[in-house]
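S.K.: Sharing a structure here in structure tokens format.
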Amino acid sequence: MRRNGGRVVATLLATRPWQVKSNVAFVVGLGLLFLVPGMLVATAVEWGSSGSHNEVALAMGALASLVAGLLLVICTRLEPDMPPAAVFATVAWTWIGSSVFGALPMWFSGEFGSFDNALFESVSGYTATGSTILSPIEEVGRGVLMWRQIIQWYGGMGMVVLAVTILPFLGVGGLSLISAEAPGPTSDRLAPQVSSTARRLWALYGGITIAIAVALLLSGLSLYDAIAHAFTTASTGGFSPYDSSIGHFDSIATEVIIIVGMLLCGVSFTLHWRAVTGNARAYSQSSEFRFYLLVILLAALVAASLNWLNDISGLASSLRNGFFNAVTIGTSTGFGNASASNPGGDFAAWTAGAQSLLLPLMVMGGMTGSTAGGLKVLRAQVMAKYMRVGLLRVKHPHVVARVKLGTTALSEPVLQRVAGLVALYAFTAFAGTLVLSMLGQDLITASSGTISALGNMGPALGEAGPTSNFLVFTRPARAVLMLLMLIGRLEFFAILLVLLAAYERARRVTRIKLRR
């Protein structure tokens with residue numbers, strides 16, 4: 001019945017001659033419509049709280065998103081086939097459009113000052129980065145703060161995946177959209193139909209979010225705090241309605257629940273689905289999963305040992321902070337647990353050796369198919385094995401050696417694509433650091449800020465540590481960081497292809513004018 005209904009809707013849309021064929025505009029319109037329920041929830045929270053009373057600002061944002069979304073959906077229609085360039089353009093413009101309209105309630109509220117500040121917060125939210133310009137956070141109305149949490153939850157699984165969930169008549173193009181929105185070296189279907197795959201992803205995501213919220217509620221948090229932090233734990237985003245983040249609660253029980261939640265959502269949702277549907281050995285069979293846990297565990301233990309040996313904090317406190325920060329950085333979440341009674345939670349105060357362990361975690365991030373950012377564990381594995389095979393071939397030129405993940409040998413084209421993306425990541429990180437340094441940031445803040453933005457991590461080192469905010473960056477620098485967040489969230493290709501298309505279009509226009 002659902003399939004037939006989708007065909008009927010698609011037929012009706014296709015028979016309107018005044019509609020413009022545009023997959024990009026249609027899916028962007030859907031993305032804007034999906035913002036409306038979240039804004040209305042935030043409006044209700046603001047109305048029911050004794051905060052700053054920004055109900056009108058949130059309602060105006062919802063109205064603007066509703067009108068713009070309806071116009072785009074009504075005035076455009078989908079084309080049956082989507083070429084690769086259109087897929088990437090659709091994903092990129094959906095993210096950009098959602099970020100712009102998501103910033104409207106924040107801007108209308110007056111809590112963020114200028115529109116570019118509101119846009120920075122919105123981009124940081126949708127990309128599940130978690131960098132903020134707010135200070136102090138607690139002075140902002142609860143509804144606006146809840147909207148920050150909601151946009152991270154939207155961005156965690158992806159607005160495009162949400163579109164595919166609702167619209168089965170996207171057909172084959174839908175799988176391309178999912179792959180482009182959450183790309184990786186490999187992609188897995190959870191069901192024969194694209195829409196079924198998307199629905200199962202969202203069911204898992206929603207179920208984990210509810211489980212985290214219930215656990216936080218049982219640990220003593222209020223309903224508002226439990227839901228707010230469940231949203232940004234499941235999305236590995238890291239926004240919190242408090243300046244001191246998780247440190248506001250100063251509760252080991254709360255931190256343990258957050259750690260478990262972050263670890264779960266840094267794991268591939270394909271593995272979760274296989275485990276839920278009866279394959280109890282799905283986790284142990286994944287070399288990426290084993291590597292993911294091993295790296296975070298080792299980083300946590302070494303960092304804790306270094307801090308304890310250098311008298312930064314006692315053994316118990318060092319272990320607590322080592323594990324929390326290794327997990328929050330390794331999953332690209334970015335929560336903090338520093339408090340008045342636990343100053344060792346601020347990793348900016350750690351030894352240089354302990355801090356240096358965090359940079360590789362920032363770069364690597366979580367597993368492919370998770371809500372975490374970064375280059376992904378699988379690519380780190382592939383590159384480590386690729387380098388090992390390369391060295392072996394130098395030593396023994398005639399040896400036959402293949403890069404394997406488990407029992408699967410990877411082909412040269414796959415290896416080349418992974419190596420190319422890693423090289424592109426390194427070049428972008430270098431270029432971002434150079435530009436931020438030229439815009440007035442010191443080298444540590446510039447480099448860690450670039451890596452944090454590319455990895456959708458949140459806090460950085462130097463002046464942009466976990467107890468600071470991103471107002472330490474100049475306004476032009478924050479614009480660069482927004483671009484880096486989008487590039488990192490969509491793993492380069494979507495944004496870079498859109499920029500390349502704009503560049504080529506500008507060149508063509510210039511040539512035409514010169515000929516005239």
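The values are calculated or read from the model by the stated rules, or taken from the named source; none is laboratory data. Predicted model only: the values in this text are computed from it and were never measured. Quick reminder, even Gly has a Cβ in these numbers, built from the backbone with ideal geometry, and neighbours come from all protein chains shown. Ligands, DNA and RNA are stripped out before the accessible areas are found, and what is left, the full protein with its side chains, is counted by its heavy atoms. Shrake-Rupley method; radii C 1.70, N 1.55, O 1.52, S 1.80 Å.
S.K.: Testing Leu483 on (1) of a type in the set (A, V, I, L, M, F, W, C); (2) part of a helix (DSSP H, G or I); (3) modelled with pLDDT under 90, one condition comes back false. Which one is that?
M.R.: Result: Leu483 fails condition (3) only.
S.K.: Hey, another quick one. Test of understanding: among Ala57, Ala68, Ala62, Ala25, which residue is part of a helix (DSSP H, G or I), touching a residue at least 24 places away in the same chain (Cβ under 8 Å), in contact with a Cys (Cβ under 8 Å, 6 or more places away or on another chain) and of a type in the set (Gly, Ala, Ser)?
M.R.: Details: Ala57 fails: in contact with a Cys (Cβ under 8 Å, 6 or more places away or on another chain); Ala68 fails: in contact with a Cys (Cβ under 8 Å, 6 or more places away or on another chain); Ala62 fails: in contact with a Cys (Cβ under 8 Å, 6 or more places away or on another chain).
Matching residue, one of Ala57, Ala68, Ala62, Ala25: Ala25.
S.K.: Given the criterion among the basic types (Lys, Arg) and either open to solvent by less than 60 Å² (accessible area, probe 1.4 Å) or not in a helix (DSSP H, G or I) (or both), identify the matching residue among Arg290, Arg274, Arg281. Full working, then the answer.
M.R.: Details: Arg290 fails: either open to solvent by less than 60 Å² (accessible area, probe 1.4 Å) or not in a helix (DSSP H, G or I) (or both); Arg274 fails: either open to solvent by less than 60 Å² (accessible area, probe 1.4 Å) or not in a helix (DSSP H, G or I) (or both).
Arg281 is the lone residue from the list that is among the basic types (Lys, Arg) and either open to solvent by less than 60 Å² (accessible area, probe 1.4 Å) or not in a helix (DSSP H, G or I) (or both).
S.K.: Is it true that Leu415 is farther than 25 Å from Gly238 by Cβ, open to solvent by less than 20 Å² (accessible area, probe 1.4 Å) and either in contact with a His (Cβ under 6 Å, 6 or more places away or on another chain) or touching a residue at least 24 places away in the same chain (Cβ under 8 Å) (or both)?
M.R.: Values: farther than 25 Å from Gly238 by Cβ: yes; open to solvent by less than 20 Å² (accessible area, probe 1.4 Å): yes; either in contact with a His (Cβ under 6 Å, 6 or more places away or on another chain) or touching a residue at least 24 places away in the same chain (Cβ under 8 Å) (or both): yes.
It is true that Leu415 is farther than 25 Å from Gly238 by Cβ, open to solvent by less than 20 Å² (accessible area, probe 1.4 Å) and either in contact with a His (Cβ under 6 Å, 6 or more places away or on another chain) or touching a residue at least 24 places away in the same chain (Cβ under 8 Å) (or both).
S.K.: Also: Within the range 217-244, count every residue that is farther than 20 Å from Ala372 by Cβ and of a type in the set (A, V, I, L, M, F, W, C).
M.R.: Here the count works out to 6.
S.K.: When Glu139 is evaluated against the numbered criteria (1) buried (at least 23 other Cβ atoms within 10 Å of the Cβ); (2) farther than 25 Å from Phe26 by Cβ, which criterion, by number, is the only one it fails?
M.R.: Among (1) buried (at least 23 other Cβ atoms within 10 Å of the Cβ); (2) farther than 25 Å from Phe26 by Cβ, the lone unmet condition for Glu139 is (1).
S.K.: Check Asp311 against each of (1) open to solvent by 60 Å² or more (accessible area, probe 1.4 Å); (2) among the acidic types (Asp, Glu); (3) closer than 30 Å to Ala42 by Cβ and name the one condition it does not meet.
M.R.: Against the list (1) open to solvent by 60 Å² or more (accessible area, probe 1.4 Å); (2) among the acidic types (Asp, Glu); (3) closer than 30 Å to Ala42 by Cβ, Asp311 comes up short only on (3).
S.K.: Given the criterion out of contact with any Ser or Thr (no Cβ under 9 Å at 6 or more places or on another chain) and either among the β-branched types (Val, Ile, Thr) or under 30 Å from Arg417 (Cα atoms) (or both), identify the matching residue among Val377, Val327, Val382.
M.R.: Exactly one residue qualifies, and that residue is Val382.
S.K.: Let me spell it out: the conditions are (1) among the hydrophobic types (A, V, I, L, M, F, W, C); (2) in contact (Cβ under 8 Å) with a residue 40 or more places away in the chain; (3) assigned to a helix (DSSP H, G or I), and Phe335 meets all of them except one. Which number is the exception?
M.R.: Failing condition for Phe335: (3).
S.K.: Taking the residues in the range 425-442 that are more than 17 Å from Val377 (Cα to Cα) and in contact (Cβ under 8 Å) with a residue 24 or more places away in the chain as candidates, determine which candidate is surrounded by the most Cβ atoms within 10 Å (Cβ to Cβ).
M.R.: Leu436
S.K.: For the range 108-125, indicate whether the set of residues that are modelled with pLDDT under 90, under 18 Å from the mean Cα position of the chain (by Cα), surrounded by 21 or more Cβ atoms within 10 Å (Cβ to Cβ) and under 20 Å from Leu486 (Cβ atoms) is non-empty.
M.R.: no
S.K.: Now a separate question. Would you mention how many residues in the range 371-397 are open to solvent by less than 20 Å² (accessible area, probe 1.4 Å), at negative phi, outside any helix (DSSP H, G or I) and not hydrophobic (A, V, I, L, M, F, W, C)?
M.R.: Result for the range 371-397: 2.
S.K.: Looking at the range 400-416, can you tell me whether even one residue there is assigned to a helix (DSSP H, G or I) and of a type in the set (Ser, Thr, Tyr)? Full working, then the answer.
M.R.: As a first pass, look at the range 400-416 and keep what is assigned to a helix (DSSP H, G or I): 412-416.
Next cut, of a type in the set (Ser, Thr, Tyr) only: none.
No, there is no match, as no residue in the range 400-416 is assigned to a helix (DSSP H, G or I) and of a type in the set (Ser, Thr, Tyr).
S.K.: Follow-up. Pick from the range 107-138 the residues that are touching a residue at least 60 places away in the same chain (Cβ under 8 Å) and charged (D, E, K, R): which of them is farthest from Thr331 (Cα to Cα)?
M.R.: Restricting to residues being touching a residue at least 60 places away in the same chain (Cβ under 8 Å) and charged (D, E, K, R), the top hit is Asp116.
S.K.: Which of the numbered conditions does Ala349 fail, given that it passes all the others? Conditions: (1) closer than 21 Å to Ser448 by Cα; (2) modelled with pLDDT of 85 or more.
M.R.: Against the list (1) closer than 21 Å to Ser448 by Cα; (2) modelled with pLDDT of 85 or more, Ala349 comes up short only on (2).
S.K.: Follow-up. Looking at the range 84-94, can you tell me whether even one residue there is under 23 Å from Trp153 (Cα atoms) and either at pLDDT below 70 or open to solvent by 70 Å² or more (accessible area, probe 1.4 Å) (or both)?
M.R.: There is at least one residue in the range 84-94 that is under 23 Å from Trp153 (Cα atoms) and either at pLDDT below 70 or open to solvent by 70 Å² or more (accessible area, probe 1.4 Å) (or both).
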